[in-house]
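A short worksheet on the structure shown next.
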Amino acid sequence: MLRVYFSTDVVGVEVGGAVKNVMAIATGICDGLGLGLNARAALITRGLAEITRLGVALGGRPETLMGLAGAGDLILTCTGELSRNRRVGLMLAEGLGVGDILARLGHVAEGVFTAKEVKRLAEAKGIEMPITRAVCAVLYDALPPREAVQMLLSRDPREEG
């Protein structure tokens, strides 16, 4: 059985579908480091906040990003055993390099290539995306995954939003 929903919010659907892959890499790192389910839930929730900030800044609608094309796809991609992007994060947590990971996967992991562009776009729009920055630092600047986690946790406290 299948229930179909539709959206006229092309921007929201596209942003949700692209950036969830970056968040899945972060979640794979979290899982691979054994940080636990509370950390995973917090990461996915804060990832959704990042996706929503960017999507709305680009003209997407918040309700799209909170719906199936946003939160729904994000949750599956971050927790699903078949998620290629999550597997990238798991292997990064093991200490493997991006080249080795991509060779082992044998499939495209969109988040690896999307992360850099999302970071660039967010910076151009003045959108704060610390998880995306951390993923890029691990992927492209050889920042060890545990240091990326520490970088995120050491940010100044602030009101959620």
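The values are calculated or read from the model by the stated rules, or taken from the named source; none is laboratory data. Quick caveat, the model's predicted, so the values are computed rather than measured. Every residue, glycine as well, gets a Cβ built from its backbone with ideal geometry; the counts of neighbours run over all protein chains shown. In case anyone asks, the SASA skips ligands and DNA or RNA and just uses the protein heavy atoms, side chains included. Shrake-Rupley method; radii C 1.70, N 1.55, O 1.52, S 1.80 Å.
Have a look at Arg120, Arg86 and point out the one that is touching a Cys at 6+ places or on another chain (Cβ under 9 Å) and not small (Gly, Ala, Ser). Before the answer, list the steps.
Working: Arg120 fails: touching a Cys at 6+ places or on another chain (Cβ under 9 Å).
Unique residue meeting the criteria: Arg86.
Of all residues being without any contact (Cβ under 8 Å) to a residue 24 or more places away in the chain and farther than 19 Å from Val15 by Cβ in region 127-141, which is most open to solvent (accessible area, probe 1.4 Å)? Just the residue, please. Step through it out loud before you land on a result.
Filtering region 127-141 for residues without any contact (Cβ under 8 Å) to a residue 24 or more places away in the chain gives 133, 136-137, 141.
Still in the running and farther than 19 Å from Val15 by Cβ: 137, 141.
On the way: Ala137: 14, Asp141: 111 Å².
The extreme case among them is Asp141.
Going through Gly67, Gly59 one at a time, which residue ends up being among the small types (Gly, Ala, Ser), open to solvent by 20 Å² or more (accessible area, probe 1.4 Å), out of contact with any Cys (no Cβ under 7 Å at 6 or more places or on another chain) and at positive phi? Talk me through it step by step, then tell me what you get.
On the way: Gly67 fails: at positive phi.
Exactly one residue qualifies, and that residue is Gly59.
Hey, any hits in region 108-126 for a residue that's open to solvent by 100 Å² or more (accessible area, probe 1.4 Å), at negative phi, in a loop (DSSP other than H, G, I, E, B) and at pLDDT below 95?
Step one: filter region 108-126 for residues open to solvent by 100 Å² or more (accessible area, probe 1.4 Å), giving 113, 116, 120, 123, 125.
Adding the requirement that they be at negative phi leaves 113, 116, 120, 123, 125.
Still in the list and also in a loop (DSSP other than H, G, I, E, B): none.
Checked against the condition, which is being open to solvent by 100 Å² or more (accessible area, probe 1.4 Å), at negative phi, in a loop (DSSP other than H, G, I, E, B) and at pLDDT below 95, region 108-126 yields no hits at all.
Tally the residues that are within 15 Å of Leu153 (Cα to Cα) and part of a helix (DSSP H, G or I), restricting the search to region 35-58.
10
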